[in-house]
Amino acid sequence: MAAIPARAVLVDIEGTTTDVRFVHETLFSVARRDLAGYVSAHAGSPEVEAARGAVARERGAREEAVSDGELAAALLAWIDEDRKETSLKALQGKIWRSAYESGGLRSHVYPDVEPALRRWRDSGVTLAVFSSGSVEAQELLFRHTTAGDLTGLFTRFFDTTTGPKREAAAYQRIAEALGVRPGEVLFLSDVAAELDAAAAAGMRAAQILRPGTARDAGGRHAVAERFDEIAVELAGA
């Protein structure tokens, strides 16, 4: 692959830096196991009440009509659906914090990721993350990896409070927040629809084909199986 000029690299997590199985089989399992207890113990907290409000709105009910038990059941169903609901993601982040900080959880990052990120960062390229998981969950994942604390490599973390990952406007906002033009950003993801949205915003985009990822971008974007197959050069250097 020819070198790609960029001032910033924006990365997805699930299926890109991190094995999908870690997210679905480990993180989601921890959330399922601990969710009901967390809802009960933290009723009234901003995260729990935001989730209660989301469930109530979907049902057309008043928030006070949604009991803790009903809330937990609804959120478990959303986890099973892999619902990209911002309030659910925020709640999951709180649950995962306890698991990470107890030392019982370490996150998976593909071995090619850290060296490539460090190489790009050291060349002057800004690194950022865009994931449907909350900013808190993103920071926890990269702080507690099997390769050590990687949070220092990133300048910013973005979640769906910035906008849906399949809408171009979210990527335009991210470029503005990073202080660069969209065309100076390279977005890496395994999901073609996200790459299409980034490209529609003017970003460069490349699909990461980890094991089990289907090549479904139809030739619209560059393709790589590993981060070390991607050469990034600082734009304007």
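The values are calculated or read from the model by the stated rules, or taken from the named source; none is laboratory data. Just so we're clear, the structure is a prediction, and the values are computed from it rather than from any experiment. Here Cβ is always computed from backbone atoms with ideal geometry, including for glycine, and neighbour counts include all displayed protein chains.
Assorted remarks:
- Test: residue in segment 127-144 that is among the polar types (S, T, N, Q), farther than 25 Å from Val48 by Cα and in the same structural domain as Leu209 (by TED's automatic domain parsing): no
- With respect to (1) under 28 Å from Lys94 (Cβ atoms); (2) touching a Leu at 6+ places or on another chain (Cβ under 8 Å), the lone exception for Met203 is condition (1).
- Hits in segment 21-69 - residues which are over 25 Å from the mean Cα position of the chain (by Cα), closer than 21 Å to Glu81 by Cα and of a type in the set (A, V, I, L, M, F, W, C): Ala56, Val66
- Among (1) free of Cβ contacts under 8 Å to residues at least 24 places away in the same chain; (2) of a type in the set (Ser, Thr, Tyr); (3) surrounded by 15 or more Cβ atoms within 10 Å (Cβ to Cβ), the one test that Ser67 misses: (3)
- Out of Ala147, Ala177, Ala137, sole residue that is within 26 Å of Glu233 (Cβ to Cβ) and at pLDDT below 95: Ala147
- Subset of segment 105-134 that is over 20 Å from Arg226 (Cα atoms) and over 16 Å from the mean Cα position of the chain (by Cα) - its residue that is modelled with the lowest pLDDT: Leu105
- The residue of segment 103-139 that is surrounded by the fewest Cβ atoms within 10 Å (Cβ to Cβ), among those that are assigned to a helix (DSSP H, G or I) and of a type in the set (A, V, I, L, M), is Val135.
- Residue within segment 85-102 that is part of a loop (DSSP other than H, G, I, E, B), closer than 27 Å to Ala147 by Cα and either touching a residue at least 40 places away in the same chain (Cβ under 8 Å) or in contact with a His (Cβ under 7 Å, 6 or more places away or on another chain) (or both) present: no
- Being under 25 Å from Gly124 (Cβ atoms), modelled with pLDDT of 95 or more, touching a Pro at 6+ places or on another chain (Cβ under 7 Å) and surrounded by fewer than 21 Cβ atoms within 10 Å (Cβ to Cβ) holds for only one residue in Gly202, Gly183, and it is Gly202.
- Selected residue (criterion: surrounded by the most Cβ atoms within 10 Å (Cβ to Cβ)) from residues of segment 11-50 that are of a type in the set (Ser, Thr, Tyr) and part of a helix (DSSP H, G or I): Tyr38
- As a summary of the residue check, Ala77 satisfies the conditions (1) out of contact with any strand residue (DSSP E or B) (no Cβ under 7 Å at 6 or more places or on another chain); (2) of a type outside the set (Phe, Trp, Tyr); (3) buried (at least 22 other Cβ atoms within 10 Å of the Cβ) except for the one numbered (3).
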